[in-house]
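Peer 1: Shown below is the structure under consideration.
The values are calculated or read from the model by the stated rules, or taken from the named source; none is laboratory data. In this text the structure is predicted, and so the values were computed from the model without any measurement. Cβ atoms come from the backbone with ideal geometry, glycine included; neighbour counts cover every protein chain shown. Remember, those area values only see protein heavy atoms, side chains included, never the ligands or the DNA or RNA. Shrake-Rupley method; radii C 1.70, N 1.55, O 1.52, S 1.80 Å.
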Amino acid sequence: QALVDEVLQDWQRRRGRLKDDSQARAHLYKELEPRAQEQVKASLLLEAIALQEGLGVSDEELEAQIGSIAQSAGSVADRVRAMYENEEARRQLRAQMLQSRALDVVVSRAHVTDVEPREHVADTVQTG
């Protein structure tokens, strides 16, 4: 639902109000639902990894990240800082940072093995 709302809001900012908002919403919901489900699954998995690994984001680290984002925003740095005065925005940023750290753990422990591609894999699977 949030992803659909975000896409519609972006569309309205760029192109104006839609004539049939409900039809567009239904179409977007159907189209974006699988992607949203995968994002939720990935977020839950990364949150579980962070919990298992005892990962966290301190208030100081959060403030440093906000400062970095504001600095890279250039002339709108004050607006960025003001946005992160909102507790929900801070919570979301903290969650993103935590998920990023969990992903770093996964990547650091991953073992990648190069293999030669097999030809006709699909044929093998279909014919058994």
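Peer 1: Out of (1) surrounded by 10 or more Cβ atoms within 10 Å (Cβ to Cβ); (2) closer than 30 Å to residue 108 by Cβ; (3) at pLDDT 90 or above, the odd one out for residue 77 is which?
Peer 2: All conditions are met except number (2).
Peer 1: Same structure, new question: Quick one: is residue 63 assigned to a helix (DSSP H, G or I) and more than 18 Å from the chain's Cα centre (by Cα)?
Peer 2: On the way: assigned to a helix (DSSP H, G or I): yes; more than 18 Å from the chain's Cα centre (by Cα): yes.
Judged against the criteria, residue 63 is a match.
Peer 1: If you go through segment 44-60 one residue at a time, how many are within 20 Å of the chain's Cα centre (by Cα) and exposed (fewer than 14 other Cβ atoms within 10 Å of the Cβ)?
Peer 2: Residues meeting the conditions: 4.
Peer 1: Mind listing whichever residues of segment 46-69 are among the hydroxyl-bearing types (Ser, Thr, Tyr) and farther than 23 Å from residue 106 by Cβ? Spell out the reasoning first.
Peer 2: Narrowing segment 46-69 to residues among the hydroxyl-bearing types (Ser, Thr, Tyr): 58, 68.
Within segment 46-69, 68 is the sole residue that qualifies.
Peer 1: Now a separate question. Being modelled with pLDDT under 75, assigned to a helix (DSSP H, G or I) and either within 30 Å of residue 104 (Cβ to Cβ) or under 12 Å from the mean Cα position of the chain (by Cα) (or both) narrows it down to one residue among 33, 6; which is it? Before you say what the answer is, go through the steps one by one.
Peer 2: On the way: 33 fails: modelled with pLDDT under 75.
Step by step, each of 33, 6 is checked, and only 6 is modelled with pLDDT under 75, assigned to a helix (DSSP H, G or I) and either within 30 Å of residue 104 (Cβ to Cβ) or under 12 Å from the mean Cα position of the chain (by Cα) (or both).
Peer 1: Could I ask something else about it? State all residues of segment 66-100 that are polar (S, T, N, Q) and in a helix (DSSP H, G or I); if no residue qualifies, say none. Explain how you work it out, then say what you get.
Peer 2: Step one: of segment 66-100, the residues polar (S, T, N, Q) are 68, 71-72, 75, 86, 92, 96, 99-100.
Matches in segment 66-100: 68, 71, 72, 75, 92, 96, 99, 100.
Peer 1: Within the group 96, 65, 39, which residue is of a type outside the set (Lys, Arg) and either open to solvent by less than 60 Å² (accessible area, probe 1.4 Å) or farther than 22 Å from residue 6 by Cα (or both)?
Peer 2: Numbers: 96 fails: either open to solvent by less than 60 Å² (accessible area, probe 1.4 Å) or farther than 22 Å from residue 6 by Cα (or both); 39 fails: either open to solvent by less than 60 Å² (accessible area, probe 1.4 Å) or farther than 22 Å from residue 6 by Cα (or both).
Checking each option against the conditions leaves just 65.
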